[in-house]
Every structure is written in structure tokens, then in C-alpha cells.
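Have a look at the structure below, then the notes.
What follows is calculated from the coordinates using simple rules that are stated; it is not laboratory data. Keep in mind that what you see is a predicted model, and the values were worked out from it rather than measured. Virtual Cβ from ideal backbone geometry, glycine too; neighbours counted across all protein chains shown.
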Amino acid sequence: MIETCSVRLQDTMKDVLVALERGSSQVVLVIDDRNRLAGILTDGDVRRAFLKGASLSSPVEPHVNSSFIAVDPRVGRVDVLELMKARRISVVPIVDEGGTALGIHRLHDVVRAERRENNWAVVMAGGRGTRLGSLTDRVPKPMVRVAGRPILERLILHLAGFGVERIFVAINYLGHVVEEHFGDGHQFGCSISYLREERYLGTGGALSLLPDNAPGPLLVVNGDLVTSADIGALLRFHEAHDQVATIGVRSYVHNVPFGCVEMDGDRVLRFEEKPTVRRIVNAGMYVIDPVLVSRVPKDEEFQMPALIEDALRRGESVRGHEVQGDWIDVGQRDQLITARGGV
């Protein structure tokens, strides 16, 4: 991509026009003789240069805009989108520590990936979050901020970034705060509808409030996740296998800080000093076929694990897919502190 949207400092304005046409990104990156990003030229910069008397054969260098915004390649999609919105820009160069241009983020690439018109997402955001104490006295748990942005906003932008266009948000406690913030979702690149719980319906009960015309498998996500998980890979895994449900899972490691003793009655069988325990845990993400939604009782508190256990009792296939990327469940205060960078 970098070759299609860049020119060298010694090139001409004609070369810039060719790069603008070739790159289709309204921005050209200008590279110096040490392969570092010297600056940028937008289509507006080019127009102003010609109005000031530049010609097609004029050198690029006098017109380069060296005051530009760039990001490190480790910066995530949500943070890039936040930067674009704050600075009202649609293109952000990607630059490494040495100043070498690696590529560009374009707004339409950040906001929209493969369109998933057949996959609705349901975000469970009705809980109060009592384990967070006073933090949720005035805002519901999913609206607690991490790095200046509500957890739920990060999640919705993440889903929209993977092409999920229709999102249902289950709300109960202080649900009006959620509705006032997101509206119909158009500012976040998706369509948002609300499943209004008259009383808290648990992690799965709100599924009974969905319309009956779901076009395909539904993505169900807990509303208190801060994650960069590959949603597309999770959906593709479900679609590639014959199962009624896929559970997003993670590997969880706990280091026991004591020596552990295995016993039979009072007889010591085994001693292990400070062992490491590894378990596969539920990541709070599911893909379910619409047939499972019809099994959710109406207007009753109901939990997602119960829906999965029912499918297993029926002999139906349920698979687990390990989700990749950052993943933090901020339902507990220590996890929220981790998500906030230890603050």
C-alpha cells in the first residue's frame, strides 16, 4: 500500500497527482532520502500549491506539510478512530520508532471491514456492576470509562469495525444513559436498537426480546469487555462447522502462591511447590444459531451458560474457539484497574 500512495522529496507535483489518483486516499506520503516520512500532501494542499503558481514540473519539497499526525503500528483500531474523530481527519500515517512510514489508516478501512449483514450482535449491558462499588452509582457498568472512552463504546466500535451492522443493546439499570449516548448508532458506524428489560434478565434473558427474523447466527457479547479479539475469526469458525453454538474461550493461568498438598484422608500423596494452574475459561462471547433464541424463557432471568448446557443435554454440537487479541473482563475492580493501565 505504501508504494501506491507515496512520492519522494525529489519528485514533482505531477508525481503527486499520479499518487493521489493511484492511492485513492486523498493523502500522499512524502518520503525523504533516508526512507523516513518527511511530510504529507493532501488534495487540498495540492490545490493550494497550484493556486500559488506551482506547475506540474514544480518540485514537491516546498509544498510538503511537515505538521502531520501519525501513529505507532501498535495503536489499535478504536484509538485510531478516536484520533480521527478528534482531529477531523480521514487518513493517519503509520510510522515506526525510526520515522519510517509503514502504511496508512484510512477511515473507511477502520470503520468498516467485511459487511456482515447476516450476523446481528447482542450486547448484554443491563447489569449494574455491584462489584465496582460506587463507580456505578451514576452510570451503568458498561458506561464506565477506560482511557477516556466508555467500555461499551469501545466494544460497539470494535463490532462495527468487523462489519457487524445491526447491534441490539440490552439495557436495564440506568439504561437511559446508554440510549442518550448512542442514539440509533449512526455516529458509530452501525444501527443500534435497544432491548429494554423491565427487570434485570441476566446474561441471556434479553434474547427473548429480539425480533423473530434473525437472518443468521447471532453474536452475543457481555457489555463489560475491553477487547481486541478477532470477531471475524470467531464468526468464520462458527460458520465453518456444524454446531448450534460456539463459545469464545481464553486460556487462563493462575499461579498458586503456596505449596499444594494432595491427600487421601490424612495420607499425603503428592506435594507441589507453588504450582501453575491453567484452565480454559469463558470469554463472554458466543455465536448461536437462531433456534436457540426460541428456547429462552420470556420475561425471566436467564443465564447464557444455561442455554449452552441445555444444548449439550439435547446432544447438540457446541464448540469452543480461542479468541486472539487483548481481552479484559472489567466486571471486577482489579480488572478495571488493569484496563485503565494500573490507574
(request) Quick one: what are the phi-derived ³J(HN,Hα) couplings along the stretch 30-40, Karplus 6.51/-1.76/1.60 with θ = phi - 60°, whole Hz, x for glycine and proline? (result) 10, 9, 8, 6, 10, 6, 9, 6, 7, x, 9
(request) Treating the angle as unsigned and between 0 and 90°, give the value, to the nearest 10°, between the Cα long axis of helix 77-87 and the longest Cα principal axis of the chain. (result) 50
(request) For T42, list long-range residues whose amide hydrogen, built 1.01 Å from N in the peptide plane, is under 5 Å from its own amide hydrogen. (result) V28
(request) Could you compute the FRET efficiency for R74 and E322, with r as their C-beta to C-beta distance and R0 at 25 Å, rounded to 0.05? (result) 0.70
(request) Arrange the peptides 92-101, 179-188 so that the one whose residues have, on average, the most other Cβ atoms within 10 Å appears first. (result) 92-101, 179-188
(message) In whole Hz and in residue order, list the ³J(HN,Hα) couplings for the stretch 267-284 that follow from phi through the Karplus curve 6.51 cos²θ - 1.76 cosθ + 1.60, θ = phi - 60°; x for Gly and Pro.
(response) 9, 6, 9, 7, 10, 9, 7, 6, x, 9, 9, 10, 9, 8, 10, 5, 8, x
(request) Please give, to one decimal in nm, the separation of the simple spin-label points placed at N213 and N255, each 7 Å out from Cα toward the Cβ. (result) 5.5
(message) Given 37 °C and 0.692 mPa s, compute D for the chain with the Stokes-Einstein relation, Rh being the Kirkwood radius over Cα pairs; round to the nearest whole µm²/s.
(response) 142
(request) May I ask for the angle, rounded to the nearest 10°, between helix 151-161 and the longest principal axis of the chain, with both axes built from Cα atoms and the value confined to 0 to 90°? (result) 60
(request) Compute the long axis of helix 304-313 from its Cα atoms, compare it with the longest principal axis of the Cα atoms of the chain, and write down the angle in degrees, 0 to 90, nearest 10. (result) 60
(message) Taking 8 Å as the Cα distance limit and 6 or more residues as the minimum spacing, I'd like the relative contact order of the stretch 233-283 as a percentage.
(response) 39
